[in-house]
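**Student:** Below: one structure in C-alpha cells.
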Amino acid sequence: MRAADDFVGPVAYGGPWTWLPYLLVLAVVGYYAWVLLAGRAAPEPDEEFVSRRNPADAVRGRRLQELDRIDQAVRAGRMPLRTGFQQMSAQVRTFVGEVSDVPARSMTLEELRSSPHPRVAEAIALMYPPEFAPGEASLDDFARSLQQARELVRTWT
C-alpha cells in the first residue's frame, strides 16, 4: 500500500498563528468596550444640591442671579415671555425647596396656598396665568412678577 505511506496527517499551526484569532477577537471586544465606556460623558447635575446646613445666603444669591439672567434674556428678546414666566416660577420654587421643608417644585398652586408659606403662593399665582396661557401677558406683568419673585427671595427667613 503505497498510498498509505504517502499520506501525511494534518499539520498543526505553530507559534503565533495559533493565538492570532484569539487576539483579534479580544482586540475587537476591547475596542467596543473602550468606545462604549470611554465615549460616555459624565452626566452633569441639573442643579447643585444644597443641604440644610448651607447658608441661605448662598442659595439666595444664586437664585437672584438666575432671576436677573431671565430678566435680561426676556427684555433682550432672546427668550419668549412665556418661557420667562416658566423659568421664573421654577427658580422661585427651587429656592423655596432648598431653604425650607416645602417641596414647592412638585406642588400645585392650590397645594401652595394651603402650605404654611402664603407668600410663595402669592408669587406663583402671579406667574400662573402667563405660564399656561401664552399671549395674554405683557412685559408689565412680567416686571410685576419678577419684582415679587425677587422680593420673596431677598426677604425669605
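The values are calculated or read from the model by the stated rules, or taken from the named source; none is laboratory data. Remember, it's a predicted structure, so these values are computed and weren't measured experimentally. With ideal geometry, Cβ positions are generated from the backbone for all residues, glycine too; neighbour counts draw on all protein chains shown.
**Student:** If we keep just the residues of region 47-72 that are of a type in the set (Lys, Arg) and surrounded by fewer than 19 Cβ atoms within 10 Å (Cβ to Cβ), which is modelled with the highest pLDDT?
**Tutor:** Residue satisfying both the conditions and the ranking: Arg69.
**Student:** Given the residues Ala121, Ala133, Ala125, which is the only one that is surrounded by 13 or more Cβ atoms within 10 Å (Cβ to Cβ) and closer than 20 Å to Leu81 by Cα?
**Tutor:** The conditions single out Ala125.
**Student:** Can you tell me which residues in region 81-114 are hydroxyl-bearing (Ser, Thr, Tyr) and buried (at least 18 other Cβ atoms within 10 Å of the Cβ)?
**Tutor:** From region 81-114, those hydroxyl-bearing (Ser, Thr, Tyr) are 83, 89, 94, 100, 106, 108, 114; that's our starting set.
Result: Ser89, Thr94.
**Student:** Let me ask something else. Spot the failing condition for Gly77; the list is (1) surrounded by 13 or more Cβ atoms within 10 Å (Cβ to Cβ); (2) among the small types (Gly, Ala, Ser); (3) on the phi > 0 side of the Ramachandran plot, and only one is missed.
**Tutor:** Among (1) surrounded by 13 or more Cβ atoms within 10 Å (Cβ to Cβ); (2) among the small types (Gly, Ala, Ser); (3) on the phi > 0 side of the Ramachandran plot, the lone unmet condition for Gly77 is (1).
**Student:** Okay, next question. Where the second residue is of a type in the set (Asp, Glu) and surrounded by 17 or more Cβ atoms within 10 Å (Cβ to Cβ) and the first is in contact (Cβ under 8 Å) with a residue 40 or more places away in the chain and under 18 Å from Ala125 (Cβ atoms) and lies in region 82-101, which pairs have Cβ atoms under 7 Å and are six or more apart or on separate chains?
**Tutor:** Arg82/Glu131; Phe85/Glu131; Gln86/Glu131; Ser89/Glu131; Gln91/Glu66
**Student:** With the condition being under 19 Å from Asp57 (Cα atoms) and at pLDDT 85 or above, I'd like the helices (runs of 4 or more DSSP H) fully within region 73-157 carrying at least 1 qualifying residues.
**Tutor:** Because the criterion is at least 1 residues that are under 19 Å from Asp57 (Cα atoms) and at pLDDT 85 or above, the helices (runs of 4 or more DSSP H) in region 73-157 that meet it are 81-99, 118-132, 139-155.
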